[in-house]
Amino acid sequence: METVMTDTHTPIALITGGSRGLGRATALWLARKGADVILTYHSNREAAEATRAEIEAIGQKAEILQLDTGRVSDFPDFAARVRQRLQDVWKRSRLDFLVNNAGQGVYQRFEQTSEAEFDSLVDVHLKGVFFLTQALLPLIIDGGRIVNVSSGLTRITLPGFAAYATMKGAVEVLTRYLALELGERGITVNVLAPGAIETDFGGGMVRDNAEMNAQIAAVTALGRVGQPDDIGGALSSLLMGDTRWMTAQRIEVSGGQGL
Ligand SMILES: NC(=O)c1ccc[n+]([C@@H]2O[C@H](COP(=O)([O-])OP(=O)(O)OC[C@H]3O[C@@H](n4cnc5c(N)ncnc54)[C@H](OP(=O)(O)O)[C@@H]3O)[C@@H](O)[C@H]2O)c1
């Protein structure tokens, strides 16, 4: 059974929501650094297939699996599918890296936020991260790495993100507790908190709303909003860089937004 990474060991990363946006960018960065990837998508299989083709063009293996990270009852079956795929494609029983990235945006002022909107965020951004990590833990090598994707909105406050940022804040606390308990197996657990990035997220508002884009750029030290590659580079470095002694940390990758 594999436990530590060696020079000849090709790492395998599982990225939730790896079909588009930040997950896709991270998958491509990891592939360029020599990792293979299992990426999940929710409903956009076409985007997942396109990302898989891009990874294969780089020369790495990629597998795609459908998953709704808001449906905890599906996780045992999902873990079984991951186990089977690891065996069939890699003749291995474990993954090296888990990236809890999948998620949807809900932009709603506090007073108008419905219980259904709140619950959808709890399901995907909190329960999903908690129980998917639990379900996949037996499939992660000792000495592996987990990164949970949070948001700059846990540090800076903007109207309309109370429920969303509350979930991300919870994930940051969860990360420290996971780091403590999983440290026994040499697994590191960190949070990467992106600032505003131009993706489809939240209806593409950072990318497509010129006024919002300019406002964020004006309060960002590096003078622009982020691109998916800005996150893919940083996140892949957390997984494949010399960061093995770094755990329980929140790393913000925002170009210095709202300092
Ligand atoms: N973009 C930003 O400005 C920003 C800033 C801070 C943090 N974040 C966080 O970064 C993460 C990725 O965001 P993004 O900007 O890359 O978003 P995105 O471009 O909208 O991509 C979202 C990804 O998550 C998947 N997904 C959505 N809901 C899902 C569900 N219920 N179950 C499983 N997968 C689901 C999507 O799958 P399909 O393709 O099948 O729909 C897609 O792969 C999220 O956790 C978000 O909160 C984003």
K33: which aspartates and glutamates have alpha carbons under 19 Å from its alpha carbon, excluding same-chain residues fewer than 8 sequence positions away? D7, E54, E56, E63, D96, D229, D230, D242
What size of dipole, in debye to the nearest 20, comes out for segment 162-212 about its Cα centre when the only charges are +1 on Lys and Arg C-beta atoms and -1 on Asp and Glu C-beta atoms? 200
Charged-residue dipole, Cβ positions (Lys, Arg, Asp, Glu), segment 77-175 about Cα centre, Debye nearest 20: 520
Where the centroid of each part is defined by its Cα atoms, how far is segment 22-55 from segment 119-178 in Å? 20
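Counting heavy atoms of the protein chains only and a 1.4 Å probe, report the per residue accessible area for the chain as a whole number of Å².
Numbers: 12200 Å² over 259 residues.
For the chain, the per-residue accessible area is 47 Å².
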Under the rule of -39500 (n - 2.57) per DSSP H run of 4 or more residues, summed and divided by the residues of the chain, what mean residue ellipticity at 222 nm is obtained, to the nearest 500 deg cm²/dmol? -12500 deg cm²/dmol
Label points 7 Å out from Cα along the Cβ direction at I58 and T166: separation in nm? 3.7
I'd like the distance separating the alpha-carbon centroids of segment 196-230 and segment 245-259, in whole Å. 17
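Using Stokes-Einstein with the Kirkwood hydrodynamic radius over Cα pairs, what translational diffusion coefficient do you get for segment 12-252 at 4 °C and a viscosity of 1.567 mPa s, in µm²/s rounded to a whole number?
72
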Under the 7 Å Cα-to-Cβ spin-label approximation, Q87 and Q112 lie apart by a distance in nanometres of 5.1
Given bins 5 angstrom wide, list per bin the percent of all Cα-Cα distances in segment 89-230, short to long. 2, 9, 17, 20, 17, 14, 11, 7, 3, 1, 0
With point charges of +1 on the Cβ of Lys and Arg and -1 on the Cβ of Asp and Glu, referenced to the Cα centre of segment 12-252, which listed residue (V173, L22, I58) lies farthest in the positive direction of the dipole? I58
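Sort F78, F131, F110 by heavy-atom solvent-accessible area, probe 1.4 angstrom, most to least.
Working: F78 0, F131 70, F110 160 Å².
Descending accessible area places them as F110, F131, F78.
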Once you charge only the Cβ atoms, +1 for Lys and Arg and -1 for Asp and Glu, what is the size of the charge dipole of the chain about its Cα centre, to the nearest 20 debye? 460
Which of the listed residues, A163, S93, H125, is farthest toward the dipole's positive end in segment 47-204, when Lys, Arg count +1 and Asp, Glu count -1 at the beta-carbon? S93
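Rounded to the nearest 5, what is the percent of antiparallel bridges among the DSSP beta bridges in segment 12-252?
0
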Carbon and sulfur: what percent of segment 105-217's accessible surface (1.4 Å probe)? 56
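The values are calculated or read from the model by the stated rules, or taken from the named source; none is laboratory data. Worth saying up front: this structure is predicted, and the values here are computed from it rather than measured. For neighbour counting, all protein chains shown are included, and Cβ atoms are generated from backbone atoms with ideal geometry for every residue, glycine included. In case anyone asks, the SASA skips ligands and DNA or RNA and just uses the protein heavy atoms, side chains included. Shrake-Rupley method; radii C 1.70, N 1.55, O 1.52, S 1.80 Å.
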